Amino acid sequence: MAVADSSVNYDVKLPKYVESKSFAMGLAEKPSAAGKIAKILDPKVKEVKIKVTRKNGDKEERLPDPTGYFLKVDDSYMMIVSAAGHLYTLTQDGVGWQYPVYDFRWVPNHIKSSNRHISKNDLRNEASIEAIKYIAHKAKDFIVMTDYDEEGEVIGGIILSQILGDEVLQDAKRMKFSTITKKEIKHSLEEALDGNQINFGMYNRGLMRHYLDWLWGINLSRALMLSLKNTSGQYLTLSTGRVQGPTLSFVSERQLEIDSFVPTPYFNINLSIEADVVWDLNYTGGPIDVRQDAISVVDKTKEQDALVAEIISKKRKKKPPAPFNLSKLQDMSHRYFKLTSQRTLQSAQRLYIAGAISYPRTSSQKYPEEIDHNEILQNLAKNSTYKKIATKLANQKNKKPVEGKKTDPAHPCIYPTGTKPDDLSGNDKKVYDLIVHTYFATFGEPAVIENNRINFDINSEDFYISGKRTVKPGWKALAGDYTGTGDKELPNFKEGETYPVKNVEWIETFTRSPPYYNDNSLRKRMEEEEIGTKATRGDIIASLFKRKYIKGKAIEITPVGEIVNQVLQNYSSQVISVQLSRQLEKMGDLVEESINEQTDEFSLADAIVQGVILLHEMLESLQDNEEEVGNLISKELQSQRRSAREVGPCQECGVGTLKIIRSTTSGKRFVGCTEYFNDKNCTATYPLPQSGRLETMDEKCKADGFPQIQVYPSGKRPWTLCLFPDCPIRAEYEKKKKKREEKKAKKEQKEMEVEN
Amino acid sequence: MDCIIVDCVRSTTDHYCMKHRLAKENIEKTFASWQVAYGDDYTWEEYLDHLASDYEIGSGDLVMEVAEHLLLESQTQ
C-alpha cells in the first residue's frame, strides 16, 4: 500500500461478544501499555485478536492481527486498543521535489513509506489504523490513555482527529497518570470519567513542534541536496533539522577547538617522603610555568627533611541527592554504567511500562503530594536485594525525603513504585537499581565528611597532602554503590614531626585540549543551551549517529557532517544558531500558555506563520547562493572521496600510499600502492572482499600495525579486515571459523546418523 | 584559490583557509608561553619543530600541519 487508493476497502472483524456490546474505546500509546492498563482495570480482561482484511477488487490480504483488550469496569464495557507510537505522519501536500514547501497534511505512516518495499511495520500500522477506525465508529465514548506528555497528546489527539474529526477531541476523556500501578490507573480513569480532558496547551505545543520540525527538515534538506544536484549533477543525502543543526555545530566547534589546539608546557614537582609507607606530596605553588623555577625547587628540596607544619581538619555536611529527573538519571547512568542518554531512557521507559517506576520523561525533582512512601518501602522490602534498607526506612518514623527545586507541570520525579519488576536483566536491572538506591538515599540524613590537609615545609618550599574521611555516612549508607568518590585516609602525622624526602624530580607536562564530547556531555550542552526537550535530546544525538554525521564514543564529526555544518555556517548561519532554536521553543511556551489561559494571544497558526517567515529567509539565502553552496559541497566531497580511498602509507616501499583501486579490466577492487603508477616502483597489492561497503580506518591493527578496513556486508555484521595476509588476529579468527565449521559438520553428521 | 597547506582544498582569499588560519593564530599566540617556559633562547624554529613532530604533546591536527608548513617555509628562506 504505497498510496491511498479509493478502490481499497477493509473488512474488520471482532468477536461476537464484543460486537453485541456498547463500549467505550480506550487508546493506549503502545501494545505493552494497553495490556498492562487493561489487566489493572479488569483482571478478567479478554485479549481480542482483531481480524483485518484488505480488499482490493478480487484481491484479499489478511493483515497482521492487532490486539485489543475487552474489559468490564463497573457496569460498563471498554475496548482498549493501542497505537505503536505515531500511526500518522506529516507529508507534503502536492507533488514535486522542490523547495520551499509549506503545505502539508497528516497521512498514515504506511502510506508515506516507500512504494517499493512494504515492511511488516507498514502492514501492522495499516491494520492498527483500520482496527481503531472500526472500533472508534462503534464506540460511544473515547478515553485517551497515552503517556501524559506532549508526544502522548499528539499521538492520541491525531489518531482521533484523523479518524473522527477535530470535534471529537473536545469530548474525548483523558487519563492522566505517572505510574502504571493499580492505584493510579484506577484513579486516573475515575478522573477521566469525571471530565478530565486532553491538555490542549500541550497538544498544540506538540503540533507546533511537529509542523516546524517537518518544515525545517524537508526544506533545508532539499535546499542542500538540490544545490549539489543543480550545480554538479551529483546526488548525496544531506539533511538537517531545527535542533540537529545547532547540535551538530557544537560537535564541529569542539572538533575545531581540538584540531587547532596548541599545548603549553608546564612543570610539576613529583616529591615523595618516607614514613611508614611512601607518600606523594603536592607542590602548593601548583604547576610551575618556568622550567628553571621547577629545577630550583628540586635543587632546594633534594635530600631535605619535610616538616609537618600544619594539620587542618574541616567537617562539612553533604546533603542527600535530590530525587531523579530524567536529566540527572541519564547523567548518573552514564557516570556509573557508561550508558548513553537514549539507552537510559529506553530502559526507564520499559521499567515504567512494567509498572516498576514512575514516568521517566520528567524535569521534576519533587515527589507527588499523594505518594505513600510507607507502601512503596514495604513493597520494596519484599525484594531480597532491597529488604534490609527498605525495612529499616519503612520502620523509621517521621521520615521526610529531600526534594530538589525543579518542577514539571505534568509529572513528578522518577521514583520506584514498589511493584516488583519481572526478571530484570542488563541495562534495565542496572537503571532500576540506581533509581531504587537514589530513592532510598533521599530519606537519609546529610553525610558528615571530614576534609583533611597536612601542610609540609621543605627547606621553605610548601607541599601538602589532602584526603577525606566519612565521619557519619548518613544517606551514603542507603545509596548502595552510588555514593560518588570514596574516602582517602591520611597518615597519622603530628605537627613538628619530620620525614626524609625520598625522591624529588620535575616533570614536563603539557596542557590538554578540551575533551571530545561524549553522549552525556553533548546532551548536557543541549540542556544548557535550552535546545530540544528532555524527551528528545537523546534521540537527536542518536539520529546524528544514524545519519553518520558524528562517530565514536569520544564524538568526532564525520566528513559529511562537516560538509553540512560548513554549508549552513557559511550560507544560513541561523539554522545552526542556538538562539533560533531557543526562540522556537519559547514560541511553543507562548502557544501553550495562550491556550491554557484562554487568552488567544498567540495561537498555533501564529507560531507556524512566524516559523515560516524565519525559515523563508534562510531558504532565500541558500537559494541565492545555490551555485556557491553546490560548489562547496562538491569540492568537499571530491576531497573526502579521495581521502576515503586512502588506506595509509605503503608498508612495503615506505614511499607510496595504499589506496582502494578498482581494476579497469576485471572490475575487481583491491588495495594497491600509488607508487605502481610511478614506473611500477612498487607492486604491493592486497585483496579485498568484492561485495559490501568499505570504509578506511584510522586505527591500525593491534597485532601487526598494518592498515585496516571496515567491511559492511549487506545484511550482516560489519567486520574489520587487516591488510597483512599473515595477521595473527586474522589467523586466529580463521582457526576459530574452521573449528566452528567442523563442529557444525560433525553435528549434522550425527543428526543424519540418528535419522538413519 | 586553495589553502596553502598541502592537501587542503578549502577555498580562501588569503593564503590559509579559515581553519588553518585559526591554527596559525593560535601557534603565534602561544609562542610567548613557550618562551617563558624554556627561556629567551628558545627559538621559533625549535617551537615549530616541537609542535609538528612531537606526537606526545597533543598538538591539534591543524596545528601540526601549519607548524610543518611554517617550518619548511622558515628553512627555505
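Can you tell me which residue among B:Ala37, B:Ala67 is facing chain A (nearest Cβ under 8 Å) and of a type in the set (A, V, I, L, M, F, W, C)? Break it down stepwise before answering.
Numbers: B:Ala67 fails: facing chain A (nearest Cβ under 8 Å).
Answer to the selection: B:Ala37.
Could you pull out the residue among A:Ser521, A:Ser466, A:Ser543, A:Ser513 that is under 41 Å from the mean Cα position of the chain (by Cα), of a type outside the set (D, E, K, R) and within 14 Å of chain B (Cβ to nearest Cβ)?
A:Ser513
One line per residue, one yes/no per condition, for (1) small (Gly, Ala, Ser); (2) open to solvent by less than 30 Å² (accessible area, probe 1.4 Å); (3) within 29 Å of A:Leu236 (Cα to Cα):
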{"site": "A:Thr511", "(1), (2), (3)": "no, no, no"}
{"site": "A:Glu528", "(1), (2), (3)": "no, no, no"}
{"site": "A:Ile531", "(1), (2), (3)": "no, yes, yes"}
{"site": "A:Lys546", "(1), (2), (3)": "no, no, yes"}
{"site": "A:Val567", "(1), (2), (3)": "no, yes, yes"}
{"site": "A:Ser603", "(1), (2), (3)": "yes, no, no"}
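Residue by residue through the range A:154-181, note down the ones that are acidic (Asp, Glu) and in contact with an Asp or Glu (Cβ under 9 Å, 6 or more places away or on another chain).
Step one: list which residues in the range A:154-181 are acidic (Asp, Glu), which gives A:166-167, A:171.
Residue satisfying the conditions is A:Asp171 alone.
Results for (1) within 12 Å of A:Leu212 (Cα to Cα); (2) among the charged types (D, E, K, R), shown as yes or no for each residue.
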| residue | (1), (2) |
| --- | --- |
| A:Ser572 | no, no |
| A:Val591 | no, no |
| A:Ile595 | no, no |
| A:Asp600 | no, yes |
| A:Ile608 | yes, no |
| A:Val612 | yes, no |
| A:Asp624 | no, yes |
| A:Gly630 | no, no |
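Restricting to the range A:696-727, count the residues that are on the phi < 0 side of the Ramachandran plot and either open to solvent by 70 Å² or more (accessible area, probe 1.4 Å) or assigned to a loop (DSSP other than H, G, I, E, B) (or both). Can you show your working first?
Of the residues in the range A:696-727, the ones on the phi < 0 side of the Ramachandran plot are A:696-704, A:706-714, A:716-727.
With the extra rule that they be either open to solvent by 70 Å² or more (accessible area, probe 1.4 Å) or assigned to a loop (DSSP other than H, G, I, E, B) (or both), the set shrinks to A:697-704, A:706-707, A:713-714, A:716-719, A:723-727.
Total satisfying the criteria: 21.
Test A:Ser341 against the criterion of being among the small types (Gly, Ala, Ser), surrounded by 19 or more Cβ atoms within 10 Å (Cβ to Cβ), touching an Asp or Glu at 6+ places or on another chain (Cβ under 6 Å) and modelled with pLDDT under 95, and give yes or no. Working first, answer last.
Numbers: among the small types (Gly, Ala, Ser): yes; surrounded by 19 or more Cβ atoms within 10 Å (Cβ to Cβ): yes; touching an Asp or Glu at 6+ places or on another chain (Cβ under 6 Å): yes; modelled with pLDDT under 95: yes.
Spelling it out, A:Ser341 is indeed among the small types (Gly, Ala, Ser), surrounded by 19 or more Cβ atoms within 10 Å (Cβ to Cβ), touching an Asp or Glu at 6+ places or on another chain (Cβ under 6 Å) and modelled with pLDDT under 95.
Any residue in the range A:443-465 that is open to solvent by less than 70 Å² (accessible area, probe 1.4 Å), assigned to a helix (DSSP H, G or I) and in contact (Cβ under 8 Å) with a residue 40 or more places away in the chain?
Checking the range A:443-465: not a single residue is open to solvent by less than 70 Å² (accessible area, probe 1.4 Å), assigned to a helix (DSSP H, G or I) and in contact (Cβ under 8 Å) with a residue 40 or more places away in the chain.
Tally time: how many residues in the range A:577-601 are modelled with pLDDT of 90 or more, among the aliphatic types (A, V, I, L, M), open to solvent by less than 70 Å² (accessible area, probe 1.4 Å) and within 19 Å of A:Ile531 (Cα to Cα)?
Number satisfying all stated conditions: 2.
If the requirement is being open to solvent by less than 50 Å² (accessible area, probe 1.4 Å) and within 14 Å of chain B (Cβ to nearest Cβ), which of these qualifies: A:Val647, A:Val671, A:Val629? Let's see the steps before the verdict.
Details: A:Val647 fails: within 14 Å of chain B (Cβ to nearest Cβ); A:Val671 fails: within 14 Å of chain B (Cβ to nearest Cβ).
Step by step, each of A:Val647, A:Val671, A:Val629 is checked, and only A:Val629 is open to solvent by less than 50 Å² (accessible area, probe 1.4 Å) and within 14 Å of chain B (Cβ to nearest Cβ).
Tell me, which residue of the range A:247-276 that is under 12 Å from A:Arg512 (Cα atoms) and among the charged types (D, E, K, R) is surrounded by the most Cβ atoms within 10 Å (Cβ to Cβ)?
A:Asp259
Look through the range B:40-64, keep the residues that are open to solvent by less than 20 Å² (accessible area, probe 1.4 Å) and in contact (Cβ under 8 Å) with a residue 24 or more places away in the chain, and return whichever of them is farthest from the other protein chains (Cβ to nearest Cβ).
B:Leu48
With the structure loaded, tell me whether A:Lys399 is open to solvent by 20 Å² or more (accessible area, probe 1.4 Å), of a type in the set (Lys, Arg) and not in a loop (DSSP other than H, G, I, E, B) or whether it fails that test. Break it down stepwise before answering.
Values: open to solvent by 20 Å² or more (accessible area, probe 1.4 Å): yes; of a type in the set (Lys, Arg): yes; not in a loop (DSSP other than H, G, I, E, B): no.
It is false that A:Lys399 is open to solvent by 20 Å² or more (accessible area, probe 1.4 Å), of a type in the set (Lys, Arg) and not in a loop (DSSP other than H, G, I, E, B).
A:Tyr676 is checked against (1) in contact (Cβ under 8 Å) with a residue 40 or more places away in the chain; (2) assigned to a helix (DSSP H, G or I) and fails just one. What number does that condition carry?
(1) is the only condition that A:Tyr676 fails.
Output the residues belonging to the range A:231-254 that are within 14 Å of another protein chain (Cβ to nearest Cβ) and farther than 20 Å from A:Leu632 by Cα.
Applying the first criterion (within 14 Å of another protein chain (Cβ to nearest Cβ)) to the range A:231-254 yields A:252-254.
Scanning the range A:231-254 gives a single hit, A:Arg254.
Would you confirm, using the coordinates I've provided, whether A:Ile273 is under 49 Å from the mean Cα position of the chain (by Cα), closer than 22 Å to A:Phe493 by Cβ and more than 8 Å from every other protein chain (Cβ to nearest Cβ)?
Working: under 49 Å from the mean Cα position of the chain (by Cα): yes; closer than 22 Å to A:Phe493 by Cβ: yes; more than 8 Å from every other protein chain (Cβ to nearest Cβ): yes.
It is true that A:Ile273 is under 49 Å from the mean Cα position of the chain (by Cα), closer than 22 Å to A:Phe493 by Cβ and more than 8 Å from every other protein chain (Cβ to nearest Cβ).
Restricting to the range A:413-426, count the residues that are touching a Phe, Trp or Tyr at 6+ places or on another chain (Cβ under 7 Å) and open to solvent by 20 Å² or more (accessible area, probe 1.4 Å).
Summing the residues that are touching a Phe, Trp or Tyr at 6+ places or on another chain (Cβ under 7 Å) and open to solvent by 20 Å² or more (accessible area, probe 1.4 Å) in the range A:413-426 gives 1.
Quick test for you: out of A:Ser20, A:Ser82, pick the one residue that is at pLDDT 90 or above, of a type in the set (Ser, Thr, Tyr) and open to solvent by 70 Å² or more (accessible area, probe 1.4 Å). It would help to see each step written out before you state the result.
Details: A:Ser82 fails: open to solvent by 70 Å² or more (accessible area, probe 1.4 Å).
Matching residue, one of A:Ser20, A:Ser82: A:Ser20.
Restricting to the range A:513-526, name every residue that is in contact (Cβ under 8 Å) with a residue 24 or more places away in the chain, open to solvent by 20 Å² or more (accessible area, probe 1.4 Å) and not charged (D, E, K, R).
Answer for the range A:513-526, where residues must be in contact (Cβ under 8 Å) with a residue 24 or more places away in the chain, open to solvent by 20 Å² or more (accessible area, probe 1.4 Å) and not charged (D, E, K, R): A:Ser513, A:Pro514, A:Pro515, A:Tyr516, A:Asn518.
Quick check, is A:Gly630 under 30 Å from A:Ser227 (Cβ atoms), modelled with pLDDT of 85 or more and either part of a loop (DSSP other than H, G, I, E, B) or not aromatic (Phe, Trp, Tyr) (or both)? Don't jump to the end; show me each part of the working.
Details: under 30 Å from A:Ser227 (Cβ atoms): yes; modelled with pLDDT of 85 or more: yes; either part of a loop (DSSP other than H, G, I, E, B) or not aromatic (Phe, Trp, Tyr) (or both): yes.
So A:Gly630 fits the description; yes.
Among A:Asp122, A:Asp103, A:Asp141, which is the only one that is surrounded by fewer than 21 Cβ atoms within 10 Å (Cβ to Cβ), without any contact (Cβ under 8 Å) to a residue 24 or more places away in the chain and of a type outside the set (Gly, Ala, Ser)? Break it down stepwise before answering.
On the way: A:Asp122 fails: without any contact (Cβ under 8 Å) to a residue 24 or more places away in the chain; A:Asp141 fails: without any contact (Cβ under 8 Å) to a residue 24 or more places away in the chain.
Criteria check complete, one pass: A:Asp103.
Determine whether A:Glu184 is among the acidic types (Asp, Glu), within 30 Å of A:Ile371 (Cβ to Cβ) and open to solvent by 10 Å² or more (accessible area, probe 1.4 Å). Show your work before the answer.
Working: among the acidic types (Asp, Glu): yes; within 30 Å of A:Ile371 (Cβ to Cβ): yes; open to solvent by 10 Å² or more (accessible area, probe 1.4 Å): yes.
For A:Glu184, the condition - among the acidic types (Asp, Glu), within 30 Å of A:Ile371 (Cβ to Cβ) and open to solvent by 10 Å² or more (accessible area, probe 1.4 Å) - is met.
So for the range B:15-31 (the condition being more than 11 Å from chain A (Cβ to nearest Cβ) and not aromatic (Phe, Trp, Tyr)), does at least one residue qualify?
Filtering the range B:15-31 for residues more than 11 Å from chain A (Cβ to nearest Cβ) gives B:15-16.
Subset that is not aromatic (Phe, Trp, Tyr): B:15.
Within the range B:15-31, one or more residues are more than 11 Å from chain A (Cβ to nearest Cβ) and not aromatic (Phe, Trp, Tyr).
What residue, of A:Gly233, A:Gly195, A:Gly157, is in contact with a Gly (Cβ under 9 Å, 6 or more places away or on another chain) and either more than 23 Å from A:Phe602 (Cα to Cα) or crowded, with 21+ Cβ neighbours inside 10 Å (or both)?
Result of the check over A:Gly233, A:Gly195, A:Gly157: A:Gly157.
Could we say that A:Pro559 is in contact with a helix residue (DSSP H, G or I) (Cβ under 7 Å, 6 or more places away or on another chain), surrounded by fewer than 15 Cβ atoms within 10 Å (Cβ to Cβ) and in contact (Cβ under 8 Å) with a residue 40 or more places away in the chain here? Spell out how you get there, then give the answer.
Numbers: in contact with a helix residue (DSSP H, G or I) (Cβ under 7 Å, 6 or more places away or on another chain): yes; surrounded by fewer than 15 Cβ atoms within 10 Å (Cβ to Cβ): no; in contact (Cβ under 8 Å) with a residue 40 or more places away in the chain: yes.
No.
Would you please list the contacts, defined by Cβ atoms under 6 Å and residues six or more apart or on different chains, that run from a residue in the range A:364-377 that is closer than 10 Å to A:Ala390 by Cβ to a residue that is surrounded by fewer than 19 Cβ atoms within 10 Å (Cβ to Cβ)?
A:Leu377/A:Ala394
What number of residues within the range A:165-223 satisfy the criterion of being of a type in the set (D, E, K, R) and over 24 Å from A:Ala136 (Cα atoms)? Outline the logic, then answer.
As a first pass, look at the range A:165-223 and keep what is of a type in the set (D, E, K, R): A:166-167, A:171, A:173-174, A:176, A:182-184, A:186, A:190-191, A:194, A:205, A:209, A:213, A:222.
Narrowing the set further to residues that are over 24 Å from A:Ala136 (Cα atoms) leaves A:182-184, A:205, A:209, A:213, A:222.
Residues that pass the stated criteria total 7.
The values are calculated or read from the model by the stated rules, or taken from the named source; none is laboratory data. Because the structure is a prediction, the values reported are computed rather than measured. Cβ sites come from the backbone with ideal geometry, for glycine too, and all protein chains shown count toward neighbours. Surface accessibility is based on the protein's heavy atoms, side chains included, excluding ligands, DNA and RNA. Shrake-Rupley method; radii C 1.70, N 1.55, O 1.52, S 1.80 Å.
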